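Beneath this line is the structure, given in structure tokens, with notes to follow.
The values are calculated or read from the model by the stated rules, or taken from the named source; none is laboratory data. Just so it is clear, the structure is predicted and the values come from calculations on it, not from any experiment. Cβ coordinates were reconstructed from backbone atoms using ideal geometry, including for glycine residues, and neighbour counts include every protein chain displayed.
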Amino acid sequence: MGCNLYHKIFTTLFLVGPTTSRRFLFGTAKILQSRKSDGQVAQKDQHRSILEEVLIKEQQKPTTFAGKTAEKAQNTFLYVIVAGSIGLLGTFAYFLFEEFFAQDSPQYIFSKALDLVRSDYRCADLFGNTIKGFGEETSRGRRRHVAHHKYEKDGNERIRVKFHLKGDLGEGTCQVEKEKKDGEWIYRFLFVETKGGHPRTTHILIDNREE
Amino acid sequence: MEEYTREPCPYRIGDDIGSAFAMGLVGGSIFRAFSGFKNSANGQKMVGMVREVRMKSPLTGVQFAAWGGMFSTIDCCLVAIRKKEDPFNSITSGALTGGLLAIRSGPRVMAGSALLGGIILAMIEGVGLVTARWMGSMMDPTSQPPEALEDPRALPPAKLPSEPGLSQAPNEAAPFGLPGLNMNTA
């Protein structure tokens, strides 16, 4: 029975074209209803390729009550699987959307801060005209993860984000902190620091701190 | 002394091709072993299985390697063009890879394949985000809340809270390290 189920999913999802995918959406049982008599089957079979002959095995329509119930149960189970998968995909999509567009997500802050750094003349003096921004490097050579720390001080939520900068003239880091005040995330500070050379040069772009 | 790590980008393509091939080889071996066992004649199950694995799983590996290499190349190109590394790069390159690898099947298949590639990569990013978010709390539910950070030392001391109607100018001109607050209120 299990093998049968997988075969059904496989054929409906991967092997057949849009017409049968549509049939899948409206119920797998319709595949079986579509051929009433042997003559129709024979006529239809003329258009099938050898590969389809071998791979697509049509089942007989169940005639008994138990068989019909089993068929319905199987279809319901498939629908539940599809609905669950769609829900799971929706959850992931939501988190992805939030990562890109939420005010307090590290990616969003990184993106906005990098724009500020790029439009700053002093930063262009320090690093060069084209500044590359990236996060922490993993062992696989990916640098997408931006280091961040969320904490709470004096009853206000804060998030500090640190990322790396690299230009033609030099490298450095940028540290940003945002604070949630009256429901709005505002910059607390934003500064860049060169890396490597001594002494380090610090250039402060934004400083809204208050003791 | 200055540079301990080199830029990952052009070299990462080779790494990705290799790891994708290994992944495809292992996964392909498992699946081909099942299908080989099922499709061989009785009495020759083991031989058929080994032959199937030997002949077919490197092909799966090569397909994976093509995907991985193409993906990594496009990812590196996007990094070079956008000068920025974020999840958007990998989603775009997933879609482009899907489309470009199906280029011989015509525009319709390309569009579908590109959509599928983009969705798969977006979901991988989404899974990564979800696990990164939930792992911390699931590992140790009794953990302390994140500690408050001090301001970085690179910054000058924070200015005093501004009062309405008072200029900040005498504040900053306080001589001999006298607290600015006294000067202000005097």
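Details
- When the range A:71-90 is filtered for residues that are without any contact (Cβ under 8 Å) to a residue 12 or more places away in the chain, more than 17 Å from B:Ile119 (Cβ to Cβ) and among the aliphatic types (A, V, I, L, M), the ones remaining, listed by number, are A:Ala73, A:Val80, A:Ile81, A:Ala83.
- Hits in the range A:167-179 - residues which are at pLDDT below 90 and assigned to a strand (DSSP E or B): A:Glu171
- Test: residue in the range B:3-10 that is of a type in the set (Ser, Thr, Tyr) and either within 10 Å of chain A (Cβ to nearest Cβ) or more than 30 Å from A:Glu99 (Cβ to Cβ) (or both): yes
- When A:Ala66, A:Ala42, A:Ala73 are checked against the criterion of being over 26 Å from B:Val130 (Cα atoms), exposed (fewer than 11 other Cβ atoms within 10 Å of the Cβ), away from every other protein chain (no Cβ under 14 Å) and at pLDDT 90 or above, a single residue qualifies: A:Ala73.
- Residue within the range B:68-77 that is over 26 Å from B:Gly126 (Cα atoms) and modelled with pLDDT under 95 present: no
- If you go through the range A:129-139 and keep only what is farther than 22 Å from B:Glu125 by Cα and buried (at least 18 other Cβ atoms within 10 Å of the Cβ), you end up with just A:Ile131.
- Leading residue by the ranking (farthest from the other protein chains (Cβ to nearest Cβ)) among those in the range B:71-86 that are crowded, with 21+ Cβ neighbours inside 10 Å and in a helix (DSSP H, G or I): B:Phe71
- Residues that are among the acidic types (Asp, Glu), at pLDDT below 90 and more than 23 Å from B:Ile13 (Cβ to Cβ) do occur in the range B:139-147.
- Checked against the criterion of being under 27 Å from the mean Cα position of the chain (by Cα), surrounded by fewer than 19 Cβ atoms within 10 Å (Cβ to Cβ), part of a helix (DSSP H, G or I) and aliphatic (A, V, I, L, M), the range B:3-21 has no qualifying residue.
- Residue that is surrounded by the fewest Cβ atoms within 10 Å (Cβ to Cβ) [pool: residues in the range A:140-183 that are of a type in the set (Gly, Ala, Ser) and within 10 Å of chain B (Cβ to nearest Cβ)]: A:Gly170
- For the range B:34-57, the set of residues classified as crowded, with 16+ Cβ neighbours inside 10 Å and either in a helix (DSSP H, G or I) or touching a Leu at 6+ places or on another chain (Cβ under 6 Å) (or both) consists of B:Gly36, B:Gly48, B:Met49, B:Glu52, B:Val53, B:Lys56, B:Ser57, listed by residue number.
- A:Leu116 buried (at least 18 other Cβ atoms within 10 Å of the Cβ), touching a residue at least 40 places away in the same chain (Cβ under 8 Å) and in contact with a strand residue (DSSP E or B) (Cβ under 9 Å, 6 or more places away or on another chain): no
- Test for A:Ile109: is it in contact (Cβ under 8 Å) with a residue 24 or more places away in the chain and within 14 Å of chain B (Cβ to nearest Cβ): yes
- Residue check for B:Leu25: under 24 Å from A:Arg140 (Cα atoms) and surrounded by 13 or more Cβ atoms within 10 Å (Cβ to Cβ): yes
- Taking the listed residues A:Arg142, A:Arg160, the one that is within 25 Å of B:Gly126 (Cβ to Cβ) and either at pLDDT below 85 or assigned to a loop (DSSP other than H, G, I, E, B) (or both) is A:Arg142, with no other qualifying.
- Every pair of residues 6+ apart whose Cβ atoms lie under 9 Å, when the first sits in the range A:192-211 and is free of Cβ contacts under 8 Å to residues at least 40 places away in the same chain and more than 10 Å from chain B (Cβ to nearest Cβ) while the second is of a type in the set (Lys, Arg) and surrounded by 15 or more Cβ atoms within 10 Å (Cβ to Cβ): none
- B:Gly24, sole failed condition from (1) more than 30 Å from A:Gly170 (Cα to Cα); (2) modelled with pLDDT under 90: (2)
- Residue in the range A:81-92 that is of a type in the set (Gly, Ala, Ser) and more than 24 Å from B:Leu121 (Cβ to Cβ) present: no
- Conditions (1) under 28 Å from the mean Cα position of the chain (by Cα); (2) of a type outside the set (Asp, Glu); (3) at pLDDT 90 or above: number failed by A:Lys150: (3)
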